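Below is one structure; the comments refer to it alone.
The values are calculated or read from the model by the stated rules, or taken from the named source; none is laboratory data. The model shown is predicted, which means the values in this text are computed figures rather than measured ones. Ligands, DNA and RNA are excluded from the accessible area calculation, which covers all protein heavy atoms including side chains. Shrake-Rupley method; radii C 1.70, N 1.55, O 1.52, S 1.80 Å.
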Amino acid sequence: MRRADSPIVRLRTEFARRRAYFTSAYPEVTELNVRNLRLACLIALGLGFVLTPIACWLLPWWSPSAVHVVFASVAIGPIVALTVLGPRVKRRPYAGAVLCLAVEAIMLGWLVVIDTVFSPLAPGSLVQPAAIALAVLVATPWGWSVWTAAAAEVALMVLSFIFKPELVAHVDAFSAVVGFAVTAALSQLAMELRLRDFEARERYRELSEIDGLTGLLNKGALVSAARRAIERAGRSRGIAAVMVDIDDFKHVNDQFGHDEGDELLRLLAEVLRESFRATDAVGRFGGDEFMVVAVGLSHPFVVESKMNRVLEMFRVRGGRLLGAPVSASAGVVLVGPSAARSITYEALVRQADQALYEVKRASKGAFAVHRFEPEEPACERRADQVSAQPASNSNPASTIDREVTANE
């Protein structure tokens with residue numbers, strides 16, 4: 001048996017799949033659980049009103065007890081709780097799981113009481129179908145829903161031996177064991193279907209958001225991630241925007257071929273992925289140009305140290321890959337916490353591009369660090385550009401504090 005096929009490896013893989021599902025998709029998991037439970041309670045309430053008259057007609061000797069009437073109010077309570085609290089716990093996975101498990105426990109607990117205390121001469125008939133349905137409809141980490149159903153089956157067996165004749169109690173015990181086995185099997189099947197659906201959607205998301213060549217975010221996903229990062233930074237932290245491209249990339253393609261050029265793009269992507277955090281927005285902006293938006297990275301010394309390391313790693317690894325000198329250039333814009341509240345994505349990208357092309361004009365294989373400068377509204381800027389058209393060769397960035405550092 002190959003190591004990858006061993007039971008331990010398969011178990012770890014299954015745990016990893018479930019952890020990814022409950023970690024990445026917990027808002028929709030909670031929403032689906034709440035919706036399923038609310039629907040189940042509504043069905044139980046409807047069946048209670050429909051089946052009670054049918055039972056009275058088919059079983060003349062049987063009449064509904066007070067607990068059957070109370071069960072209607074017990075079903076209404078969870079419906080109201082799920083409707084009111086469901087939207088509030090959507091973004092709180094543990095609170096959502098506790099709410100769903102509490103509703104499941106209440107419903108199963110009342111059914112256990114009905115099947116035992118108030119039906120002392122008849123075998124239980126309500127707990128098993130309800131346990132199977134609820135365990136399938138509710139997905140929780142570590143199978144808590146299944147264990148809640150198991151607790152209900154144990155309670156059914158114990159109360160049956162207390163309140164029922166021995167023969168009937170044995171029938172209930174057997175049905176409880178069979179019911180739990182069916183519950184566990186169907187719960188696993190439902191969980192597998194959920195996992196496959198989640199993984200299919202994740203693959204589709206990756207195909208739509210991930211650049212196929214480099215494995216980083218493509219431009220559309222990068223822009224969205226950058227905008228979200230700017231919103232987060234605007235609350236209390238600074239931000240850094242980095243634009244990086246490969247020097248003379250067209251010459252690399254012409255001299256070494258497009259396959260080697262693609263390898264060089266993958267190498268730069270790997271260097272950026274290693275150098276920045278998983279929470280940073282790192283992606284391919286277009287062609288050989290890459291962008292990084294990092295929240296909380298606003299200290300000049302830290303940025304300069306990081307950029308020196310990035311460019312040096314790329315120079316060494318790229319030279320080893322092509323057997324010829326390779327370099328990259330970068331432009332960085334730093335935004336302090338106070339200015340982060342008023343920046344826009346467009347202004348940030350514009351100034352990072354300006355810093356990059358300043359390096360490309362002056363010297364390659366280096367980076368420039370600019371402080372973000374608030375920009376005037378777009379309409380005023382266009383008017384100024386039209387009025388200043390003859391003086392277009394003047395230096396528009398003379399008021400920006402910058403530092404160009406050669407990467408020795």
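Let me check against my output: what whole-number percent is the relative contact order of the chain, with C-alpha pairs under 8 Å and at least 6 apart? After rounding, I find 12 percent. Listed values for segment 239-245 are Karplus-derived 3J(HN,Hα) couplings in whole Hz (6.51 cos²θ - 1.76 cosθ + 1.60, θ = phi - 60°), namely 7, 10, 10, 10, 10, 10, 9, and x replaces Gly and Pro. Per residue, the Cα convex hull of segment 189-287 amounts to 131 Å³. Accessible surface of the chain, 1.4 Å probe: 63 percent of it comes from carbon and sulfur atoms.
Shown in residue order for segment 14-20 are the 3J(HN,Hα) couplings computed by the Karplus curve 6.51 cos²θ - 1.76 cosθ + 1.60 at θ = phi - 60°: 5, 5, 5, 4, 5, 5, 4 Hz (x for Gly and Pro). Taking Cα atoms only, the orientation of helix 26-58 departs from the longest principal axis of the chain by about 20 degrees. Using only alpha-carbon positions in segment 249-370, the gyration tensor eigenvalues give semi-axes of 26, 15, 13 Å once each is multiplied by 5 and square-rooted (largest first).
Just how many % of Cα pairs in the chain lie over 29 Å apart, if you round to the nearest whole percent? For the chain, the fraction of Cα-Cα distances above 29 Å is 62 percent.
Seen from a random direction on average, the alpha-carbon convex hull of segment 174-230 projects onto 5.8 square nanometres.
Ordered from largest to smallest accessible area (heavy atoms of protein chains, 1.4 Å probe), the residues Ser125, Ser6, Ser224, Ser329 come out as Ser125, Ser224, Ser6, Ser329. Averaged per residue, the chain has 54 square angstrom of accessible surface, using a 1.4 angstrom probe with ligands and nucleic acids left out. Based on the Kirkwood approach, the hydrodynamic radius assigned to segment 136-238 is 18.1 Å, with every pair of different Cα atoms included. Per residue, the chain reaches -22500 deg cm²/dmol at 222 nm when only DSSP H runs of four or more residues are counted, each adding -39500 (n - 2.57). A straight Cα-to-Cα reach below 29 Å connects Lys250 with the lysines Lys219, Lys306, Lys360, Lys364, residues fewer than 8 places away in its own chain not being considered.
Here the Debye sum runs over all C-alpha atoms of segment 301-347 as equal scatterers in vacuum, and log10 of I(q)/I(0) at q = 0.18 Å⁻¹ comes out as -0.67. Semi-axis lengths, largest first, of the ellipsoid equivalent to segment 235-311 are 27, 12, 10 Å, with √(5λ) applied to each eigenvalue of the Cα gyration tensor.
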